[in-house]
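Here's the structure, in structure tokens; my notes come after.
The values are calculated or read from the model by the stated rules, or taken from the named source; none is laboratory data. None of these values were measured; they are calculated from a predicted model. With ideal geometry, Cβ positions are generated from the backbone for all residues, glycine too; neighbour counts draw on all protein chains shown. When the accessible area is computed, the model is the full protein with side chains, heavy atoms only, and any ligands, DNA or RNA have been set aside. Shrake-Rupley method; radii C 1.70, N 1.55, O 1.52, S 1.80 Å.
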Amino acid sequence: MYTKSIKIAKFPYHIIIKPIGAVCNLNCSYCYYLDKKNLYPGIKSFRMTEEVLKNLTRQYIESQPESVKELHFSWQGGEPTLIGINFFKQAVEFQKQFCRDGMRITNTFQTNGTLLDENWGKFFHDENFLIGISIDGPEDIHNFYRRDPKGKGSFKDVMRGLNVLIKEKVEFNTLTVVNNLNGNQPEKIYDFLKNSGAIYFQFIPIVERNSDDSISHESVGPRQWGNFLSGIFDKWIKFDIGEVFVQHFDVFLGLYMGMPASLCVHAETCGKAGALEHNGDLYSCDHFVFKENYLGNISELTLSDMIDGQKQIDFGNNKKDRLPRFCLKCNYLKLCHGGCPAHRFSSAPGGEPNLNYLCPGFIKFFSHSLPYFKAMSKCLYSGRAAKDYQIYMETNSSSKQKKPGRNDPCPCGSGKKFKNCHGF
């Protein structure tokens with residue numbers, strides 16, 4: 001265990017903790033994390049030890065700047081329930097032991113839900129855990145990719161787990177992986193999630209590449225992603241604004257109002273959200289758990305030394321510094337900031353590298369939703385609720401937002417014709 005004094009980090013930072021590594025009881029065909037077990041050949045147990053847990057908890061709390069009054073512990077996997085409930089009871093005890101005066105500690109927990117029972121539900125409720133439960137839609141859609149190692153669909157077990165959370169009054173959100181199948185059915189997905197009792201939705205686009213760098217067949221397409229977000233938005237803006245909360249929409253509304261991005265995907269830089277494996281190894285990001293992004297182990301280095309180290313600083317700044325010129329001229333740059341670096345492997349018009357694969361989809365969505373976000377922003381600035389947006393909507397037909405024609409200028413601001421730039 002690292003016993004030396006712990007340096008305060010230069011900036012607040014966040015860690016995603018993998019207490020069971022990549023071990024999971026499901027075998028979802030699009031999962032990008034299952035093969036991370038290959039980083040540890042010959043390892044039979046991926047359980048985080050009590051010593052690593054205690055060291056992690058102490059460092060994570062003590063290295064935060066004094067300005068941090070609320071600190072989040074984020075537990076993911078693999079499937080974190082596999083390590084057992086007693087591990088998390090011990091985690092909470094360590095948090096109480098090391099918590100600074102005036103600091104509030106919260107826990108978020110991402111699970112596939114299949115192993116949740118009454119004991120988990122009561123624990124989550126009593127300790128105020130926020131649970132993310134992964135579900136991709138109705139049974140036929142969910143089971144298409146989310147199966148166990150024997151090929152059995154997981155839908156019924158997930159729904160049983162979700163109902164445990166509802167029964168025990170645990171706060172939760174749904175996390176839906178948007179793929180090539182459900183990406184064509186935004187309205188159906190939205191209605192299903194709402195009818196399941198959820199009011200907080202997260203949508204994560206799956207973009208995976210094969211060994212030959214081709215896009216996996218499970219991945220959502222760029223235009224499909226834009227159409228999906230737009231379809232979800234249309235249902236939400238018409239029926240549920242202020243009642244249902246969609247993570248992307250909350251993020252974009254904040255950005256329209258000049259606030260910093262609350263989601264790293266759309267922040268100007270990254271590097272302040274590392275991923276910690278079961279043995280204390282720290283990597284640059286949950287999407288960059290590769291040998292080249294290894295920062296060190298908490299038994300040898302402090303979290304603050306690794307997060308503040310030049311390697312991680314360069315990793316974070318590369319998001320901004322390696323943007324193609326095409327992005328720098330885009331009207332939506334301040335909303336997107338190039339998206340997740342893990343998806344920046346496409347070419348911009350003219351062949352410039354490092355364009356986000358999902359760029360056409362985001363432009364589709366931004367151009368579709370712009371008038372509404374502008375109106376909602378005006379509502380909030382004037383002290384009104386966002387649901388009153390219609391009083392600020394432009395009604396003049398000449399000012400209405402419409403999809404550009406193939407020969408019209410692209411709304412991204414490149415100056416190119418839509419058909420030559422981001423025609424959908």
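Structure summary
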quantity: Any chance Thr57 is crowded, with 17+ Cβ neighbours inside 10 Å and more than 19 Å from Ile131 (Cα to Cα); calculated: yes
quantity: In the range 88-101, the residues that are under 26 Å from the mean Cα position of the chain (by Cα) and open to solvent by less than 20 Å² (accessible area, probe 1.4 Å); calculated: Phe88, Ala91, Val92, Gln95
quantity: Candidate set from the range 108-126 (those that are polar (S, T, N, Q) and open to solvent by less than 20 Å² (accessible area, probe 1.4 Å)); member that is farthest from the chain's Cα centre (by Cα); calculated: Thr114
quantity: Residue list for the range 147-169, restricted to those being open to solvent by 10 Å² or more (accessible area, probe 1.4 Å) and either hydrophobic (A, V, I, L, M, F, W, C) or assigned to a strand (DSSP E or B) (or both); calculated: Arg147, Gly153, Phe155, Met159, Val164, Ile166
quantity: Filtered residues of the range 279-302 (kept if in a loop (DSSP other than H, G, I, E, B) and open to solvent by 10 Å² or more (accessible area, probe 1.4 Å)); calculated: Asn279, Cys285, Asp286, His287, Phe288, Phe290, Ser299, Glu300, Leu301
quantity: Among (1) open to solvent by less than 40 Å² (accessible area, probe 1.4 Å); (2) among the polar types (S, T, N, Q); (3) outside any strand (DSSP E or B), the one test that Asn173 misses; calculated: (3)
quantity: Test: Ser369 is within 14 Å of Trp225 (Cβ to Cβ), out of contact with any Cys (no Cβ under 8 Å at 6 or more places or on another chain) and of a type in the set (S, T, N, Q); calculated: yes
quantity: Any chance Ser284 is closer than 24 Å to Ala386 by Cβ and touching a helix residue (DSSP H, G or I) at 6+ places or on another chain (Cβ under 8 Å); calculated: no
quantity: Sole residue being β-branched (Val, Ile, Thr), open to solvent by 10 Å² or more (accessible area, probe 1.4 Å) and either in contact with a Lys or Arg (Cβ under 9 Å, 6 or more places away or on another chain) or under 30 Å from Phe144 (Cα atoms) (or both), chosen from Ile105, Ile83; calculated: Ile105
quantity: Residue within the range 106-124 that is touching a Leu at 6+ places or on another chain (Cβ under 9 Å), under 20 Å from Lys272 (Cα atoms) and in contact (Cβ under 8 Å) with a residue 40 or more places away in the chain present; calculated: yes
quantity: Which numbered condition Phe192 fails, given (1) aromatic (Phe, Trp, Tyr); (2) touching a residue at least 40 places away in the same chain (Cβ under 8 Å); (3) open to solvent by less than 30 Å² (accessible area, probe 1.4 Å); calculated: (3)
quantity: Within the range 375-389, considering residues that are touching a helix residue (DSSP H, G or I) at 6+ places or on another chain (Cβ under 7 Å) and either among the polar types (S, T, N, Q) or touching a residue at least 40 places away in the same chain (Cβ under 8 Å) (or both), the one most open to solvent (accessible area, probe 1.4 Å); calculated: Leu380
quantity: Odd one out for Arg344, checked against (1) open to solvent by 20 Å² or more (accessible area, probe 1.4 Å); (2) touching a helix residue (DSSP H, G or I) at 6+ places or on another chain (Cβ under 7 Å); (3) without any contact (Cβ under 8 Å) to a residue 60 or more places away in the chain; calculated: (2)
quantity: Residue within the range 230-240 that is open to solvent by 30 Å² or more (accessible area, probe 1.4 Å), part of a loop (DSSP other than H, G, I, E, B) and either touching a Cys at 6+ places or on another chain (Cβ under 7 Å) or not charged (D, E, K, R) (or both) present; calculated: no
quantity: Lys272 touching a His at 6+ places or on another chain (Cβ under 8 Å), open to solvent by 40 Å² or more (accessible area, probe 1.4 Å) and not hydrophobic (A, V, I, L, M, F, W, C); calculated: yes
quantity: Condition met for Asp212 (acidic (Asp, Glu), touching a residue at least 24 places away in the same chain (Cβ under 8 Å) and open to solvent by 20 Å² or more (accessible area, probe 1.4 Å)); calculated: no
quantity: Cys28, sole failed condition from (1) part of a loop (DSSP other than H, G, I, E, B); (2) surrounded by fewer than 20 Cβ atoms within 10 Å (Cβ to Cβ); (3) modelled with pLDDT of 95 or more; calculated: (2)
quantity: Count of residues meeting criterion [assigned to a loop (DSSP other than H, G, I, E, B) and not β-branched (Val, Ile, Thr)] in the range 263-277; calculated: 7
quantity: Test set (1) assigned to a helix (DSSP H, G or I); (2) more than 30 Å from Ser216 (Cα to Cα) - Lys37 fails condition number; calculated: (2)
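This table checks each residue for (1) assigned to a helix (DSSP H, G or I); (2) touching a Cys at 6+ places or on another chain (Cβ under 6 Å); (3) free of Cβ contacts under 8 Å to residues at least 60 places away in the same chain; (4) closer than 24 Å to Leu370 by Cα.
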site: Lys311; (1), (2), (3), (4): yes, no, yes, no
site: Gly316; (1), (2), (3), (4): yes, yes, yes, no
site: Leu323; (1), (2), (3), (4): no, no, yes, yes
site: Leu335; (1), (2), (3), (4): yes, no, no, yes
site: Gly338; (1), (2), (3), (4): no, yes, yes, yes
